[in-house]
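S.K.: I have a structure here, written as structure tokens, and I will follow up with some questions on it.
The values are calculated or read from the model by the stated rules, or taken from the named source; none is laboratory data. Small disclaimer: the values here were computed from a predicted structure and weren't measured. All Cβ positions, glycine included, derive from the backbone under ideal geometry; neighbour counts span all protein chains shown.
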Amino acid sequence: MTISAAIIGAGRTGGWHRDGLLGQPDVRLVGVADARREAAEAMGRETGAAAFDDYREMLARTRPDVAYVCTPAAEHLEQVRAAAELGINVFIEKPLATSVADAFVIADLVERHGILCTVGYQWRYNPATEAAREALAGRPIALLTGWWYWTIPPVPWLRDRRFGGGQIVDMATHLVDLMRDLAGDVTEVYAAYTRNAVPEAELPNWDANAVTLRFAGGAVGSLQTTYALFPGIPLSHGVDVAARELLVRVELGTTTIYRRDAEPEITRAPEGWNIDIAFMDAVRRNDPAAIRSPARDAAKSLAVTLAANYSAVTGKVVTMPEFEANPPTDAPIMPTGEPVIAGTERT
Ligand SMILES: NC(=O)c1ccc[n+]([C@@H]2O[C@H](COP(=O)([O-])OP(=O)(O)OC[C@H]3O[C@@H](n4cnc5c(N)ncnc54)[C@H](O)[C@@H]3O)[C@@H](O)[C@H]2O)c1
């Protein structure tokens, strides 16, 4: 059986997934859509896929088995709706949406239409993460610490907090989602952000973020992230999880387990592993049980990150069940949800 795939959004991540899909002999790329027609055509020429500037037309004409949604988060809802209504399985890049309400509508849609859907939280699928799950199984967790030392984002719209939502919403969402995978739901969020090291003209965004979390299972956690640094710093991002006499350190693709008086146990993902291999495997077997990052779960991770933004701006401690049920609209920090087409955004 051949799996036919289509990509919506022929930008940076669209290119990564093109490579991940075409690295599998039984996957064929049948369509590429981008609001910038030239981007769709360029990817079409490279791959032999048909190029479109209208994703609805592409979905209707090519009827792929799976659509990859690789556009800015504010675009995801309508694109997922179009695919779901045609019964097309979807891979949705993180973050799921730019509002809690849209994120839960996406979850409702994929469940109602019974399609396979994953969100692009690759840490959940990474084989090395399984070693962390196994080590922590049945152990009460005391502390989770996540950090991401990074630089000014290369994609202009992501640099701007009005479109990308800031580093917690766009990037540390991976850390929040991994923490939730390992420690369960977050119940309380408090955050302090700053813009102190990089001028607004260069980075229209917060340049550092400190977030405190409380988990339903009793653990506490924190996130420390910054855009003020540079790539290439060793161990620039990861999550540490402490249980009694056990430290589990998860980097993307490597898990290290420290126990008293023992050599560290290191588990690495196999060379060449990627999330597209895992998702195509689920599609091949039509197996919902193989989905590790369902939309409803991703909606909860998004909600935690938006709650952090809200807390940073208002100074309030946010209670998660309340925030999810009744997302506040009073603060100007929630991303705008305006359409973003690469090349037209402010730089
Ligand atoms: N999983 C990860 O680790 C990871 C890493 C980086 C980015 N992302 C996510 O991937 C998504 C895309 O980011 P990117 O870096 O590829 O951005 P990008 O700007 O490079 O690419 C987005 C593409 O979508 C196109 N587009 C925008 N609106 C469209 C529309 N309505 N219809 C069709 N095409 C449209 C743009 O023209 C552009 O080519 C974001 O949600 C981002 O957060 C995920």
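S.K.: Can you tell me which condition Ala84 does not meet? The list is (1) buried (at least 21 other Cβ atoms within 10 Å of the Cβ); (2) in a helix (DSSP H, G or I); (3) within 15 Å of the ligand (Cβ to nearest atom), and all the others hold.
M.R.: (3)
Every residue, every condition in (1) at positive phi; (2) among the small types (Gly, Ala, Ser), yes or no:
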residue: Tyr149; (1), (2): no, no
residue: Pro156; (1), (2): no, no
residue: Leu182; (1), (2): no, no
residue: Pro199; (1), (2): no, no
residue: Glu202; (1), (2): no, no
residue: Gly221; (1), (2): no, yes
residue: Gly232; (1), (2): yes, yes
residue: Ser236; (1), (2): no, yes
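S.K.: Same structure again: Let me confirm something: among Ile115, Ile141, which residue is surrounded by fewer than 23 Cβ atoms within 10 Å (Cβ to Cβ), in the same structural domain as Pro64 (by TED's automatic domain parsing) and either under 25 Å from Ala84 (Cβ atoms) or over 13 Å from the mean Cα position of the chain (by Cα) (or both)?
M.R.: It is Ile115.
S.K.: I've got another one for you. Can you find even one residue in region 114-127 that is more than 12 Å from the ligand (Cβ to nearest atom), modelled with pLDDT under 95 and in contact with a Phe, Trp or Tyr (Cβ under 8 Å, 6 or more places away or on another chain)?
M.R.: The answer is no; no qualifying residue exists.
S.K.: Moving on. Quick check: anything in region 91-109 over 18 Å from the mean Cα position of the chain (by Cα) and away from the ligand (no atom under 13 Å from the Cβ)?
M.R.: For region 91-109, residues over 18 Å from the mean Cα position of the chain (by Cα) and away from the ligand (no atom under 13 Å from the Cβ): present.
S.K.: Looking at (1) under 22 Å from Val318 (Cα atoms); (2) small (Gly, Ala, Ser); (3) surrounded by fewer than 16 Cβ atoms within 10 Å (Cβ to Cβ); (4) in contact with a strand residue (DSSP E or B) (Cβ under 7 Å, 6 or more places away or on another chain), which is the one condition that is false for Ser236?
M.R.: (1)
S.K.: Still on this structure: Which of the helices (runs of 4 or more DSSP H) contained wholly in region 154-225 include at least 1 residues that are among the polar types (S, T, N, Q) and out of contact with any Gly (no Cβ under 6 Å at 6 or more places or on another chain)?
M.R.: 167-170, 173-183
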